[in-house]
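The values are calculated or read from the model by the stated rules, or taken from the named source; none is laboratory data. Since the structure is predicted, the reported quantities are computational estimates derived from the model, not experimental observations. Neighbour counts run over all protein chains shown; Cβ positions are idealised from the backbone, glycine included. All accessible areas refer to the heavy atoms of the entire protein, side chains included, with ligands and DNA or RNA removed. Shrake-Rupley method; radii C 1.70, N 1.55, O 1.52, S 1.80 Å.
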Amino acid sequence: MNLNRIDLNLFAVFDAIYTAGSLTKAADVLCITQPAVSNSLARLREMLNDPLFVRTGHSMTPTPVAQNIIVPARQALALLRKSVQESHTFDPLTAEKAFNFASRDLLEVSIMPRLVSRLQNLAPNISLTNYEIPRSQIVSAMASGTLDFFADASTFSDPHLCKEKIAQDRFVVLARKNHPALKNGLDLDTFLRLGHINVSQRKSGAGPIDVALDRMGKRRKEVMRSQHFLTVPSTIVKTDLIACLPFHLAKHYDLAIYELPFDLPTVEYFLYWHVSADHDYAHMWMREQIMEVSSHFKSH
């Protein structure tokens with residue numbers, strides 16, 4: 001049997017005939033005409049190569065084939081109805097669902113713990129996963145449903161993605177305590193003279209710090225380049241290097257924090273999701289929770 005030829009509506013008619021025992025009564029139950037029921041039965045008979053029902057007096061008696069398939073047919077219809085109903089409702093207390101994130105350090109260190117804590121009471125059976133994925137694969141992963149959310153400070157423009165600002169932050173300078181060059185604070189000359197750890201996912205290229213310095217005709221001394229903010233503290237505590245980190249990340253470490261000795265625009269973080277999930281009830285609920293736990297992340 002070619003499954004591509006199967007029309008699920010035919011099995012709804014089959015179930016109605018089996019239950020009502022009459023084409024006319026089945027038509028009344030389905031709110032369609034009796035000729036439409038007859039036509040559906042004829043198509044199903046041809047597809048299954050069996051009469052399915054034989055007329056006995058004023059009723060339709062199911063054949064052995066009909067008796068064999070009625071239970072699985074009803075189970076399949078019930079599962080389909082349940083799936084359709086659940087797609088329009090979402091109960092976080094009973095839902096069992098996993099959400100997949102791809103995000104940088106701020107969300108994983110500052111927002112994700114608060115989100116997990118919030119879900120413990122509101123949605124105890126929901127799990128979260130955060131993993132790295134190449135930027136070039138984000139849209140396709142979301143389209144396939146393997147990735148639910150992408151969060152980052154960088155702008156990401158694609159017609160298939162929706163986005164919303166979830167947080168803002170400011171860059172600060174992180175250094176080890178009792179740094180010999182910072183006894184009197186941090187000025188621009190000291191900032192430029194000291195070695196820097198530059199955090200960037202790219203092998204080369206200027207970030208917001210370097211762009212701001214370039215506009216002033218200045219350049220910092222890059223000694224180390226790292227893909228992750230989380231690798232910075234363990235290096236700083238053992239060296240005289242400094243690094244520029246988002247404040248809400250820097251404050252987690254027992255290190256000295258200094259304000260930048262020049263102006264820099266606020267860093268904005270965005271949450272991205274695929275347009276196909278924009279009206280999904282579970283997805284909408286999770287976005288509300290993310291917005292709630294990230295609402296207090298401001299630059300000051």
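A single member of 107, 147, 115 is at pLDDT below 90, buried (at least 16 other Cβ atoms within 10 Å of the Cβ) and under 15 Å from the mean Cα position of the chain (by Cα), and it is 107. Counting only helices (runs of 4 or more DSSP H) that sit wholly inside the stretch 175-278, those with at least 3 residues that are closer than 28 Å to residue 151 by Cα and modelled with pLDDT of 90 or more are 208-215, 232-236.
Taken over the stretch 175-219, the criterion of being under 17 Å from residue 153 (Cβ atoms) and not charged (D, E, K, R) is satisfied by 198, 199, 200, 201, 205, 206, 207, 208, 209, 211, 212.
Considering the stretch 212-249, the residues that are β-branched (Val, Ile, Thr) and under 24 Å from residue 134 (Cα atoms) include one that is least open to solvent (accessible area, probe 1.4 Å), namely 232. In the stretch 223-243, the residues that are more than 14 Å from residue 104 (Cα to Cα) form Cβ pairs under 7 Å with partners that are among the aromatic types (Phe, Trp, Tyr), at six or more places apart or across chains, as follows: 233/253. Flag not set for residue 181, criterion: outside the structural domain of residue 279 (by the TED database) and closer than 21 Å to residue 267 by Cα. Among the conditions (1) closer than 20 Å to residue 165 by Cβ; (2) under 16 Å from the mean Cα position of the chain (by Cα); (3) open to solvent by 60 Å² or more (accessible area, probe 1.4 Å), residue 96 misses just one, which is (1). If only residues of the stretch 250-278 that are over 23 Å from residue 127 (Cβ atoms) and within 13 Å of the chain's Cα centre (by Cα) are counted, the one that is surrounded by the most Cβ atoms within 10 Å (Cβ to Cβ) is 270.
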